[in-house]
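Novice: The following block contains the structure, expressed as structure tokens.
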């Protein structure tokens, strides 16, 4: 199991347009084989921060989906990014 998590920073004035440009990617990811969850969302406190969360069955599933990152327009909007992949060995349910 793989978790991809972190955040990107954009100019607060660009955040809504950046997120609107992510809708198709989120829809495609959620339909992709091996995707358990995929979300790109606005941080409720920081107006320039976008939270990234992905949950995949395997590294192979992540790699099969990758390759279609942000387009040039979106990449130009990113001021900084801190996103990482985590290999998960065990899961404990909290519910």
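Where a number appears in this text, it was derived from the coordinates with a stated rule and is not lab data. Source: prediction; values computed, not measured. Here the Cβ is made from the backbone with ideal geometry for all residues, glycine too, and neighbour counts use every protein chain on show.
Novice: Going by C-beta contacts inside 10 Å, put 93, 39, 9 in order with the fewest on the left.
Specialist: 93, 39, 9
Novice: Here is a follow-up. Divide, for the chain, the radius of gyration over alpha carbons by 2.2 N^0.38 Å, where N is the residue count.
Specialist: That works out to 1.11 for the chain.
Novice: A further question follows. Can you compute the modelled spin-label distance between residue 60 and residue 39, with each label point 7 Å from Cα toward Cβ, in nm?
Specialist: Modelled inter-label distance: 2.9 nm.
Novice: If you fit an axis through the alpha-carbon atoms of helix 15-31 and take the longest principal axis of the Cα set of the chain, what angle between them do you get, 0 to 90°, nearest 10?
Specialist: Between the helix axis and the principal axis of the chain, the angle is about 20 degrees.
Novice: Just need the relative contact order of the chain here, percent rounded to a whole number, with Cα pairs under 8 Å and 6+ apart.
Specialist: Answer for the chain is 46 percent.
Novice: Run the quick spin-label model on residue 11 and residue 23: label points 7 Å from Cα toward the beta carbon, then report their separation in nm to one decimal.
Specialist: Taking the two extended label points, one gets 2.3 nm.
Novice: Here's another thing I want to ask about it. At a Förster distance of 22 Å, what's the computed FRET efficiency of residue 32 paired with residue 83, Cβ-Cβ distance as r, to 0.05?
Specialist: 0.80
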